[in-house]
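Enquirer: One structure, as structure tokens, below. Some questions next.
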Ligand code: HEC
């Protein structure tokens with residue numbers, strides 16, 4: 001109360017600073033948290049308490065903040081108290097850059113999202129969002145972008161005027177957001193309070209809070225269907241939030257195993273999901289409401305970051321595995337695994353684009369491996385900086401350039417010519433966890 005509540009809030013659920021609760025601190029461990037309190041966090045508002053509180057005092061605080069907190073009161077009323085409007089949208093672009101080729105670079109080390117144009121790769125603006133791990137979204141008409149922090153702040157950003165419009169805290173512990181087809185609604189997946197919050201993007205005010213009995217791990221928009229799909233953690237069900245009419249309707253769908261991760265095939269009929277502890281991949285037919293295929297997979301396939309492409313009329317998906325150094329190549333609709341490619345390491349992301357012949361995969365090492373889309377053989381390797389982790393690939397709209405992150409505190413985004421496979425530019429960034437191109441992120445199948 002004396003030292004911490006002004007920023008972290010008396011109920012420990014955070015205000016200007018993040019929550020101090022076991023759910024969010026658990027990943028650090030007690031020793032690390034003691035160190036944070038003693039030393040503070042450089043370049044943030046988190047002060048150092050060395051000298052002000054003795055070692056015993058710090059230990060007592062750590063024990064306290066690792067104990068369960070009373071459930072948060074975070075209703076629409078509390079959300080509205082955090083609502084802030086900072087400017088009005090510009091009626092036309094104040095810059096000459098191609099909106100459909102803008103990038104959002106998430107700079108984890110600074111808690112900022114950088115808006116970057118995709119031709120000369122100049123940073124146009126920076127937005128302080130807070131603790132952030134990825135997932136900013138463009139709307140489908142490239143009018144606004146939405147950014148989200150782990151502790152629930154949602155920022156509406158004007159891509160015409162290059163400025164923040166408004167922000168609101170829609171949750172206490174938030175996973176991700178999705179934008180509706182018409183850009184008028186946002187869905188926010190929350191761990192705390194458990195459920196989904198729907199926000200009207202024009203006012204940036206919540207219109208509905210759908211509470212659930214499970215923590216919502218992710219929410220996605222199902223393009224063209226006017227549906228959000230929300231996945232509760234560890235439960236054999238998902239929710240379809242139908243926003244096609246007036247108001248919203250929620251439908252619960254039972255599934256044989258809980259889905260931790262999904263992707264929707266481009267036709268919008270089959271939802272492919274995996275359950276991590278059951279090591280199963282399930283193809284779920286949304287029309288019949290039945291499972292059409294089920295098979296065993298191990299090594300935690302990362303479906304949300306699978307790469308999809310068309311060869312003639314056949315569609316393939318390349319699926320990375322978080323805990324196994326392989327890339328699974330699957331043919332869609334007969335759901336056959338056509339090849340398992342051995343990789344240098346277990347990565348997170350696979351990406352491809354019509355402008356390159358390769359599937360680009362990261363390997364949690366300093367090397368990106370390039371797999372030829374025809375032969376499905378590893379044909380090339382790229383090492384942007386020896387000994388430094390190269391992760392997450394994103395292409396420019398036309399696929400001429402690939403942007404690769406050096407995932408370190410003093411990191412960088414390295415830009416490669418996808419034809420010559422040579423670096424053309426290195427831009428310094430602090431832990432650039434992700435980069436998102438307006439077109440590739442929203443409009444590619
Ligand atoms: C002046 C505001 C302020 C005060 C007072 C303050 N903090 Fe912080 N604290 C912050 C900010 C801001 C951050 C987030 C920094 C960042 O961006 O990573 C933070 C982060 C933390 C973190 C890391 C949280 C995480 O999820 O990684 C811990 C732990 C923490 N503070 C503990 C404390 C404790 C304990 C006290 C009181 C002894 C305290 N803080 C007082 C502003 C403050």
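Let's see how each residue does on (1) assigned to a loop (DSSP other than H, G, I, E, B); (2) touching a strand residue (DSSP E or B) at 6+ places or on another chain (Cβ under 6 Å); (3) at pLDDT 95 or above; (4) not assigned by TED's automatic domain parsing to the domain that holds residue 329:
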position	(1), (2), (3), (4)
361	no, yes, yes, no
364	yes, no, yes, no
371	no, yes, yes, no
381	no, yes, yes, no
384	yes, yes, yes, no
388	yes, yes, yes, no
393	no, yes, yes, no
398	yes, no, yes, no
403	no, yes, yes, no
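Enquirer: Looking at residue 140, is it more than 21 Å from residue 205 (Cβ to Cβ), in contact with a helix residue (DSSP H, G or I) (Cβ under 7 Å, 6 or more places away or on another chain), away from the ligand (no atom under 16 Å from the Cβ) and part of a loop (DSSP other than H, G, I, E, B)?
Expert: yes
Enquirer: Inside region 77-96, can you point out the residues that are part of a loop (DSSP other than H, G, I, E, B) and under 29 Å from residue 150 (Cβ atoms)?
Expert: Result: 83, 86, 87, 88, 89.
Enquirer: Using the structure shown, decide if residue 131 is surrounded by fewer than 17 Cβ atoms within 10 Å (Cβ to Cβ) and under 19 Å from residue 188 (Cα atoms).
Expert: Yes.
Enquirer: Let me ask you something else. Could you list, in sequence order, the residues of region 1-17 that are within 9 Å of the ligand (Cβ to nearest atom) and surrounded by fewer than 18 Cβ atoms within 10 Å (Cβ to Cβ)?
Expert: If the condition is that a residue be within 9 Å of the ligand (Cβ to nearest atom) and surrounded by fewer than 18 Cβ atoms within 10 Å (Cβ to Cβ), then 2, 3, 5, 6, 7, 16 are the ones that fit.
Enquirer: Anything in region 6-42 that is within 18 Å of residue 168 (Cα to Cα) and out of contact with any strand residue (DSSP E or B) (no Cβ under 8 Å at 6 or more places or on another chain)? List them, or say none.
Expert: 7, 8, 9, 14, 15, 16, 17, 18
Every residue, every condition in (1) in a strand (DSSP E or B); (2) without any contact (Cβ under 8 Å) to a residue 60 or more places away in the chain; (3) in the same structural domain as residue 392 (by TED's automatic domain parsing), yes or no:
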| residue | (1), (2), (3) |
| --- | --- |
| 266 | no, no, no |
| 277 | no, yes, no |
| 288 | no, yes, no |
| 293 | yes, yes, no |
| 310 | yes, no, yes |
| 323 | no, yes, yes |
| 341 | yes, yes, yes |
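Enquirer: Across region 143-154, what is the number of residues that are part of a loop (DSSP other than H, G, I, E, B) and either within 15 Å of the ligand (Cβ to nearest atom) or under 14 Å from the mean Cα position of the chain (by Cα) (or both)?
Expert: Looking only at that region, the number is 4.
Enquirer: I've got another one for you. For residues that are within 26 Å of the chain's Cα centre (by Cα) and more than 9 Å from the ligand (Cβ to nearest atom), scanning just region 27-68, find the one that is surrounded by the fewest Cβ atoms within 10 Å (Cβ to Cβ).
Expert: Among residues in region 27-68 that are within 26 Å of the chain's Cα centre (by Cα) and more than 9 Å from the ligand (Cβ to nearest atom), the one surrounded by the fewest Cβ atoms within 10 Å (Cβ to Cβ) is 42.
Enquirer: Can you go through 157, 191 and tell me which one is touching a residue at least 12 places away in the same chain (Cβ under 8 Å) and either outside any strand (DSSP E or B) or closer than 26 Å to residue 97 by Cα (or both)?
Expert: Just one listed residue meets the conditions, 157.
Enquirer: Give the residues of region 97-124 that are surrounded by fewer than 17 Cβ atoms within 10 Å (Cβ to Cβ) and touching a strand residue (DSSP E or B) at 6+ places or on another chain (Cβ under 6 Å), sorted by residue number.
Expert: Scanning region 97-124 gives 123, 124.
Condition check ((1) touching a helix residue (DSSP H, G or I) at 6+ places or on another chain (Cβ under 9 Å); (2) free of Cβ contacts under 8 Å to residues at least 24 places away in the same chain; (3) more than 10 Å from the ligand (Cβ to nearest atom)) across all residues:
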| residue | (1), (2), (3) |
| --- | --- |
| 19 | yes, no, no |
| 70 | no, no, yes |
| 80 | no, no, yes |
| 86 | no, no, yes |
| 93 | yes, no, yes |
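Enquirer: Hey, another quick one. Take region 410-435 and flag every residue that is surrounded by fewer than 13 Cβ atoms within 10 Å (Cβ to Cβ) and part of a loop (DSSP other than H, G, I, E, B).
Expert: Within region 410-435, 410, 419, 420 meet the criteria.
Enquirer: For region 176-191, enumerate the residues that are farther than 18 Å from residue 141 by Cα and surrounded by fewer than 22 Cβ atoms within 10 Å (Cβ to Cβ).
Expert: Within region 176-191, 176, 191 qualify.
Enquirer: In region 27-57, which residue that is in a loop (DSSP other than H, G, I, E, B) and touching a residue at least 24 places away in the same chain (Cβ under 8 Å) is nearest to residue 132 (Cα to Cα)?
Expert: Among those residues, the one meeting the criterion is 44.
The values are calculated or read from the model by the stated rules, or taken from the named source; none is laboratory data. On a predicted model such as this, the values are computed, not experimentally measured, just so you know. All Cβ positions, glycine included, derive from the backbone under ideal geometry; neighbour counts span all protein chains shown.
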